[in-house]
1. For segment 4-120, report the % of Cα-Cα distances exceeding 26 Å.
2. Describe numerically, in nm with one decimal, the distance between label points set 7 Å from Cα along Cα→Cβ at residue 81 and at residue 111.
3. Just to be sure I understand the model, the point goes 7 Å from the Cα along the line to the Cβ. What's the resulting residue 260 to residue 59 distance in nm?
4. Near residue 32, within a Cβ-to-Cβ distance under 12 Å, what is the net charge of the other residues, with Lys and Arg +1 and Asp and Glu -1?
5. For the pairs 63/256; 219/256; 63/285; 63/219, flag any whose C-alpha to C-alpha distance is greater than 30 Å.
6. Roughly how far apart, in whole Å, are the Cα centres of segment 86-113 and segment 244-272?
7. List the residues, sorted by chain then number, that are 5 or more residues from residue 227 or on another chain and whose placed amide H is less than 5 Å from its amide H.
8. Specify whether the C-alpha gyration tensor of segment 17-70 places it in the rounded, prolate or oblate class, a ≥ b ≥ c being the square roots of the eigenvalues: rounded for a/c under 1.5, otherwise prolate if a/b is larger than b/c and oblate if not.
Amino acid sequence: MPRPGDGSPRPVTLIPGDGIGPLVTGAVRQVMEAMHAPVYFETYEVHGDMTSVPAEVMESIRKNKVCLKGGLATPVGGGVSSLNVQLRKELDLYASLVNCFNLPGLPTRHENVDIVVIRENTEGEYAGLEHEVVPGVVESLKLIPLHKVLEGWIIQHGMGAISSTGDMLEVTPNLYGNLVANTAAGIAGGTGVMPGGNVGADHAIFEQGASAGNVGNEKIVEKMKANPVALLLSSAMMLRHLQFPSFADRLETAVKRVIEEGKYMTKDLGGTSTTQEVVDAVISKLN
């Protein structure tokens, strides 16, 4: 694996996804190009209504070790498996990481929030270990190996890859961690500004940290007003994971300067800006 400083840019698998996904991943690509980040993207079309993740996509992620992903819609009912769950299971991405923190310039009811939520990602209630005991009676099983999450990732990579200032660390099983992460995101400024990633011993996928409930919001897509902040900050996490900390710092600083200035904000943050206007503002703040 090429290391920082050897002159070799790193390949990253890119899955734009559904709904607002192409908008916000496109925002990341523009900013990465503007800052001359040492990465390049291998882009694949994957959508939530597919029966499985295409083999060539899995091969790309296994080869590159790192993926940046927009939201994938999860079909409701009909026994269709979530591609998000498939990615986590096949790549053994056993820890979901979400950093929920206040951003200066974004008013919230609670101040000084800085919480890192580490959620068990492949088992628990979302593991799909279900069977019909007798007709009409279904039993669901869950396993909770939290030591795997802690020992397998934190010890290997260190908390610095998530946040250098995290005041609170919360480690939870799968379903409960989902609830905790979304609640923490809500009190810190909203899901549209919370970065996150799914990591294992060998691979990592970075995406919006808290629930991407607006993935299929057609009005946002039509008006091109999706908030790119969460995925921009997630891409900064990705750069830090790839050991490009100076580029990660530049990107985070530019995003925070735009939020603090308050001139270019999408509707969920109290503004009226388009995705492109936010992107242009971030690029203008790059040092």
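1. Values: 2291 of 6786 pairs.
Taking all Cα-Cα pairs of segment 4-120, the fraction more than 26 Å apart is 34 percent.
2. With each label placed 7 Å out from Cα toward Cβ, I get 4.9 nm.
3. So the two model labels end up 4.7 nm from each other.
4. Taking every other residue near residue 32 into account, the sum is +2.
5. Table pairs above 30 Å Cα-Cα are 63/256; 63/285; 63/219.
6. Cα centroid of segment 86-113 versus Cα centroid of segment 244-272: 16 Å apart.
7. none
8. Values: a/c = 3.61, a/b = 1.36, b/c = 2.65.
Taking the square roots of the gyration eigenvalues as a ≥ b ≥ c, segment 17-70 is oblate.
The values are calculated or read from the model by the stated rules, or taken from the named source; none is laboratory data. Source: prediction; values computed, not measured. Because the Cβ atoms are built from the backbone with ideal geometry, glycine has one as well, and the counts that use them run over all protein chains shown. Heads up: the accessible areas ignore ligands, DNA and RNA and are worked out on the full protein's heavy atoms, side chains in. Shrake-Rupley method; radii C 1.70, N 1.55, O 1.52, S 1.80 Å.
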